[in-house]
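K.L.:
This structure is in structure tokens; I'll ask about it shortly.
The values are calculated or read from the model by the stated rules, or taken from the named source; none is laboratory data. Note that the structure is a prediction, hence the values are computed from the model and not measured. Neighbour counts run over all protein chains shown; Cβ positions are idealised from the backbone, glycine included. Quick note on the areas: whole protein, heavy atoms, side chains included, nothing else; ligands and nucleic acids left out. Shrake-Rupley method; radii C 1.70, N 1.55, O 1.52, S 1.80 Å.
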Amino acid sequence: MNLNETYNDKVVRQFAIMTVVWGIVGMGVGVLIAAQLYWPALNFDVPWLTYSRLRPLHTNAVIFAFGGSALFATSYYVVQRTCHVRLFSDRLAAFTFWGWQAVIVAAAITLPLGITQSKEYAELEWPIDLLITVVWVAYAVVFFTTIARRRVSHIYVANWFYASYIITIAVLHVFNNLAIPVSLTKSYVIYAGAIDAMMQWWYGHNAVGFFLTAGFLGMMYYFVPKEAQRPIYSYRLSVVHFWALISVYIWAGPHHLHYTSLPDWVQSIGMVFSLLLLAPSWGGMINGIMTLSGAWYKLRTDPILKFLIVGLSFYGMATFEGPMMSIKTVNSLSHFTDWTIGHVHSGAIGWVAMTTIGATYILVPRLYGRQQMWSTRLMDWHFWITTIGVVLYVASMWIAGVMQGLMWRATNSDGTLTYTFVESLKATYPYYAVRLAGGTLVLSGMIIMAVNVWKTVAGAPRAIEAERPAQLGDVAA
């Protein structure tokens with residue numbers, strides 16, 4: 001068989017399996033640091049087990065190891081099916097897998113040791129940043145060359161979302177991490193003061209906007225129609241959604257810097273563009289959910305669709321809440337409170353993790369020659385455990401956050417503060433227990449998933465073809 005008539009699924013399988021592995025690791029660290037908020041002694045007075053060092057390990061593991069592996073796996077899978085052509089360069093694709101795993105392992109070693117440049121979501125020091133850049137360029141070459149060699153003139157909308165996230169993350173990563181090295185483990189960022197803060201949140205917000213939104217919308221636009229076995233509700237809306245989202249999102253970063261030394265007009269621009277984001281975000285949510293029109297009955301028996309649709313619902317909630325929190329008067333109450341933590345996790349667990357889990361449950365049996373996952377019942381258990389866990393986590397942080405904001409701004413008639421910070425912390429304490437319970441449930445769900453994936457892979461045919469014929473009709477568009 002001609003090599004160009006087959007798919008390269010080996011690299012997709014590798015990334016899919018590591019998605020599950022890093023999901024457990026990242027969420028496991030998250031549960032540990034949530035427990036440390038309730039029982040501080042759990043750091044055992046060991047420097048590399050302190051909250052301050054494990055928290056960036058948790059965020060990097062969940063975003064870039066778990067979410068990143070899912071994006072690599074699904075983008076490689078989708079671009080082949082929608083372009084009807086094999087991935088460009090097996091060796092380069094393999095390099096992206098091993099290079100990305102090397103980045104993750106390097107992060108797992110350096111962050112607990114305190115080797116960091118102290119920029120949120122960009123903590124890794126300059127040698128690892130250089131490796132990320134090389135891997136990302138290789139990823140872009142594989143993805144865009146595959147599209148250039150496509151056998152159909154049309155480029156399916158999922159690939160537009162994947163393309164936008166690949167290009168934008170490259171620009172964000174390079175410019176936010178411009179630094180002067182002074183040793184192998186230390187560098188100084190070239191920006192200072194308000195400019196550094198502006199660059200950081202231009203990067204930080206758009207890491208959310210493109211890595212955790214645009215990339216996962218690409219996932220949604222392929223796997224929701226595929227699992228529902230129906231065309232996307234409105235292809236025209238998907239195109240409008242794409243251009244509106246990527247045009248507006250890039251300007252929203254300053255809303256992280258309200259009431260700071262950043263010029264007031266820049267803060268206002270960030271707020272306005274954040275509010276504008278509501279329209280394209282909800283357009284995408286509605287487009288995904290309405291794809292089930294006439295097929296809602298499938299939700300009764302298909303746990304994968306439950307994951308994907310509930311994920312879209314959380315996407316809608318998080319993208320309503322985000323613009324509201326960018327309004328200065330709301331932000332004055334919410335900022336620096338656990339309300340922000342609840343908001344982030346409604347997006348990170350409710351939208352990103354749910355969508356990743358649903359897509360992985362679709363991929364694994366197809367990649368290993370099985371008709372379906374080993375146990376549908378375990379998938380159902382996973383769905384309900386995760387859903388309950390997310391609700392407990394987010395609701396507890398919402399309540400705690402609003403309470404904190406109100407306590408911090410409360411004043412007596414003489415202008416003195418009504419509550420000390422310690423009093424607000426004591427009032428928050430019970431909510432940290434609920435948060436821990438919610439996070440533990442989410443981690444338990446991932447362990448259930450690992451068992452199901454293990455059984456599915458173990459029961460696969462002894463010889464799995466690394467490639468399968470490229471066929472028309474691989475996308476429900």
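K.L.:
All but one of (1) under 28 Å from residue 64 (Cβ atoms); (2) surrounded by fewer than 16 Cβ atoms within 10 Å (Cβ to Cβ); (3) among the hydrophobic types (A, V, I, L, M, F, W, C) hold for residue 296, so report the exception by its number.
P.N.:
With respect to (1) under 28 Å from residue 64 (Cβ atoms); (2) surrounded by fewer than 16 Cβ atoms within 10 Å (Cβ to Cβ); (3) among the hydrophobic types (A, V, I, L, M, F, W, C), residue 296 is out only on (1).
K.L.:
In addition: Search region 158-173 for residues that are under 24 Å from residue 199 (Cβ atoms) and pair each with any residue that is open to solvent by less than 30 Å² (accessible area, probe 1.4 Å) and among the hydroxyl-bearing types (Ser, Thr, Tyr) when their beta-carbon atoms are under 7 Å apart and the residues are at least 6 apart or on different chains.
P.N.:
Qualifying pairs under 7 Å: 166/139; 172/203.
K.L.:
Sticking with this one: Checking residue 255 against (1) at pLDDT 95 or above; (2) open to solvent by 10 Å² or more (accessible area, probe 1.4 Å); (3) closer than 25 Å to residue 129 by Cβ; (4) not aliphatic (A, V, I, L, M), only one condition comes out false. Which one?
P.N.:
(3) is the only condition that residue 255 fails.
K.L.:
Here is a follow-up. Condition check: under 17 Å from residue 73 (Cβ atoms), surrounded by 14 or more Cβ atoms within 10 Å (Cβ to Cβ) and of a type in the set (S, T, N, Q). Does residue 177 satisfy that?
P.N.:
no
Every residue, every condition in (1) in contact with a Leu (Cβ under 9 Å, 6 or more places away or on another chain); (2) crowded, with 23+ Cβ neighbours inside 10 Å, yes or no:
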site	(1), (2)
349	no, yes
352	yes, yes
358	yes, yes
368	no, no
371	no, no
377	no, no
385	yes, no
393	yes, yes
403	no, no
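K.L.:
To continue, here is another question. State which residue pairs qualify: first residue at negative phi and inside region 292-320, second residue surrounded by fewer than 16 Cβ atoms within 10 Å (Cβ to Cβ) and among the charged types (D, E, K, R) in any location, beta carbons under 7 Å apart, and separation of 6 or more residues or different chains.
P.N.:
These pairs meet every condition: 303/380.
K.L.:
Looking at (1) modelled with pLDDT of 95 or more; (2) outside any helix (DSSP H, G or I), find the lone condition where residue 381 falls short.
P.N.:
Failed condition: (2).
K.L.:
Go through region 258-293 and report how many residues are within 18 Å of residue 317 (Cβ to Cβ), open to solvent by less than 40 Å² (accessible area, probe 1.4 Å) and β-branched (Val, Ile, Thr).
P.N.:
1
K.L.:
Give me the pairs, please: first residue somewhere in region 366-384 and more than 17 Å from residue 299 (Cβ to Cβ), second residue anywhere and open to solvent by 40 Å² or more (accessible area, probe 1.4 Å) and part of a loop (DSSP other than H, G, I, E, B), beta-carbon distance under 7 Å, and either six or more positions apart or on two chains.
P.N.:
368/464; 369/461; 369/464; 370/459; 374/459
K.L.:
Residue check, residue 209 against (1) touching a Ser or Thr at 6+ places or on another chain (Cβ under 9 Å); (2) at pLDDT 95 or above; (3) closer than 26 Å to residue 16 by Cα, all met but one. Which one?
P.N.:
Answer for residue 209: the failing condition is (2).
K.L.:
A further question on this structure: Can you name the condition, by its number, that residue 250 falls short on among (1) modelled with pLDDT of 95 or more; (2) farther than 17 Å from residue 155 by Cβ?
P.N.:
Failed condition: (1).
K.L.:
Scan region 43-82 for residues that are free of Cβ contacts under 8 Å to residues at least 40 places away in the same chain and under 20 Å from the mean Cα position of the chain (by Cα) and jot them down.
P.N.:
55, 58
K.L.:
Go through region 48-94 and count every residue that is surrounded by 18 or more Cβ atoms within 10 Å (Cβ to Cβ) and either at pLDDT below 95 or assigned to a helix (DSSP H, G or I) (or both).
P.N.:
Residues meeting the conditions: 31.
K.L.:
To continue, here is another question. Can you pull out every residue in region 95-141 that is farther than 23 Å from residue 76 by Cβ, among the aromatic types (Phe, Trp, Tyr) and open to solvent by 40 Å² or more (accessible area, probe 1.4 Å)?
P.N.:
Across region 95-141, the qualifying residue is only 126.
K.L.:
Here's a follow-up. Does residue 248 satisfy the criteria of being β-branched (Val, Ile, Thr), in a helix (DSSP H, G or I) and more than 20 Å from the chain's Cα centre (by Cα)?
P.N.:
Against the criterion (β-branched (Val, Ile, Thr), in a helix (DSSP H, G or I) and more than 20 Å from the chain's Cα centre (by Cα)), residue 248 does not qualify.
K.L.:
For region 266-335, which fully contained helices (runs of 4 or more DSSP H) count at least 2 residues that are within 21 Å of the chain's Cα centre (by Cα) and among the hydrophobic types (A, V, I, L, M, F, W, C)?
P.N.:
278-290, 303-326
K.L.:
Please verify whether region 386-401 includes one or more residues that are at pLDDT 95 or above, closer than 30 Å to residue 458 by Cβ and in contact with a Pro (Cβ under 8 Å, 6 or more places away or on another chain).
P.N.:
No, the conditions are met nowhere in region 386-401.
K.L.:
Here's another thing I want to ask about it. Looking only at region 213-221, decide whether some residue is surrounded by fewer than 20 Cβ atoms within 10 Å (Cβ to Cβ) and on the phi < 0 side of the Ramachandran plot.
P.N.:
Looking through region 213-221, none of the residues is surrounded by fewer than 20 Cβ atoms within 10 Å (Cβ to Cβ) and on the phi < 0 side of the Ramachandran plot.
K.L.:
Whether any residue in region 142-149 is open to solvent by 10 Å² or more (accessible area, probe 1.4 Å) and in a loop (DSSP other than H, G, I, E, B) is what I want to check.
P.N.:
Yes, because at least one residue in region 142-149 is open to solvent by 10 Å² or more (accessible area, probe 1.4 Å) and in a loop (DSSP other than H, G, I, E, B).
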